[in-house]
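The values are calculated or read from the model by the stated rules, or taken from the named source; none is laboratory data. Bear in mind that the values here come from a model prediction, so they are computed numbers and not experimental data. Note: ideal-geometry Cβ built from the backbone for every residue, glycine included; neighbour counts use all protein chains shown.
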Amino acid sequence: MNVRMLFEKICIDLKESGINWFETEARIILEKVLNISKELIYTFPKKNVSLNEFFEIKKVIDRRILREPLEYILNETEFYGLKLYINNNVLVPRQETELIVERAILKIKENNFKTIADIGTGSGNIAISIANCCPETNIFAVDNFNEVLDVVKKNVFLYKLEKRIKIIKSNYLEYFKNKKIKLDLIISNPPYVISKEYESLQPEIYYEPITSLVCDEEVCSYKNIASNITKVLNKGAVLIVEINPRLKDKIKDIFLAKKLKLKEIIKDYKNTIIGLVFQN
Ligand SMILES: C[S@@+](CC[C@H](N)C(=O)[O-])C[C@H]1O[C@@H](n2cnc3c(N)ncnc32)[C@H](O)[C@@H]1O
């Protein structure tokens, strides 16, 4: 079987199991397993696929058609133009989060901010993107789970950012409160799925750690962040949170009650509010 025939077969298998971006995924799978460039796949070389390669690809497809996220199967994701290691202990970074990161980078550059914290860091995607674009910053990458921090460590090592990204185990902002550390900018995409929404999501979501997605009680992750926020922000410092659009008013009120000022909203390409920017 040559690459073109295999590409067509993968597309059929993925399409039949309800995967929308089947062509894109088929290309990613071929690129990764056959170790050839996307450009070569586009020109559909007549190159034959060996039996070993065929079985490697079959293993990937067998998992993917059960709707396991491709990122977990390939142990790789792309975020803000960077390739990152990933496994099923961390959330698969979402495209809309790139818009939150973009705003944070803008704020950091405008205000010459130096000390940043990414709360609920997951794979470290936000912290690493900021470190990569803002070379003057030092960043705390915070999460509450050891298995998550192992993934962050790998990615920080991959980009040789050990000197600029400090990996911290903490329940949200407790570490900073206890150590009396003050921050210029906090960015967070905390768990925000409501329990009743969780029942009716895409099948892929159920492969992701529930601790990344759902908090015990509606908006509790934001309440938790808010409980220490004024103790850890410098005067004029900025807080950027990604939000569940359905909870925007409740989340806004939690931080307004802490006397932060709502400065900006962040919308996605469908004009939905997905982030809030506050200032101390
Ligand atoms: C929605 S995920 C965000 C992951 C990543 N920052 C991103 O944007 O793709 C939320 C993260 O918050 C972490 N988390 C959950 N409870 C936490 C807590 N009590 N303290 C700190 N982090 C927590 C989860 O482990 C998870 O990595």
Could you say which residue among 190, 209 is touching a Phe, Trp or Tyr at 6+ places or on another chain (Cβ under 9 Å), buried (at least 18 other Cβ atoms within 10 Å of the Cβ) and not basic (Lys, Arg)? 190
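Please go through the stretch 187-201 and give me each residue that is hydrophobic (A, V, I, L, M, F, W, C) and away from the ligand (no atom under 12 Å from the Cβ), ordered by number.
Across the stretch 187-201, the qualifying residues are 194, 201.
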Can you name every residue in the stretch 221-236 that is aliphatic (A, V, I, L, M) and within 11 Å of residue 258 (Cβ to Cβ)? 225, 226, 229, 233
Test each condition in (1) touching a helix residue (DSSP H, G or I) at 6+ places or on another chain (Cβ under 7 Å); (2) within 13 Å of the ligand (Cβ to nearest atom) for residue 232 and report the one that comes out false. (2)
In the stretch 176-205, residue nearest to residue 137 (Cα to Cα) [restricted to those that are without any contact (Cβ under 8 Å) to a residue 40 or more places away in the chain and aliphatic (A, V, I, L, M)]: 205
Single condition residue 116 does not satisfy, out of (1) within 16 Å of residue 241 (Cβ to Cβ); (2) of a type outside the set (Ser, Thr, Tyr); (3) more than 11 Å from the ligand (Cβ to nearest atom); (4) not in a strand (DSSP E or B): (4)
Just to be sure, is residue 214 on the phi > 0 side of the Ramachandran plot and hydrophobic (A, V, I, L, M, F, W, C)? no
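Results for (1) among the aliphatic types (A, V, I, L, M); (2) more than 10 Å from the ligand (Cβ to nearest atom); (3) closer than 28 Å to residue 223 by Cβ; (4) touching a helix residue (DSSP H, G or I) at 6+ places or on another chain (Cβ under 7 Å), shown as yes or no for each residue.
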| site | (1), (2), (3), (4) |
| --- | --- |
| 128 | yes, yes, yes, yes |
| 132 | no, yes, no, no |
| 135 | no, yes, no, no |
| 143 | no, no, yes, yes |
| 146 | no, yes, yes, no |
| 151 | yes, no, yes, no |
Residue 103 - would you say it is modelled with pLDDT of 95 or more, within 19 Å of residue 237 (Cβ to Cβ), of a type in the set (Lys, Arg) and away from the ligand (no atom under 13 Å from the Cβ)? yes
If residue 118 meets every condition in (1) under 15 Å from residue 84 (Cβ atoms); (2) in contact with a Lys or Arg (Cβ under 9 Å, 6 or more places away or on another chain) apart from one, which number is that one? (2)
What's the total number of residues in the stretch 34-73 that are in a helix (DSSP H, G or I), surrounded by fewer than 17 Cβ atoms within 10 Å (Cβ to Cβ) and either assigned by TED's automatic domain parsing to the domain that holds residue 93 or not polar (S, T, N, Q) (or both)? 12
Output the number of residues of the stretch 84-113 satisfying the condition of being outside any helix (DSSP H, G or I), among the polar types (S, T, N, Q) and closer than 12 Å to residue 184 by Cβ. 1
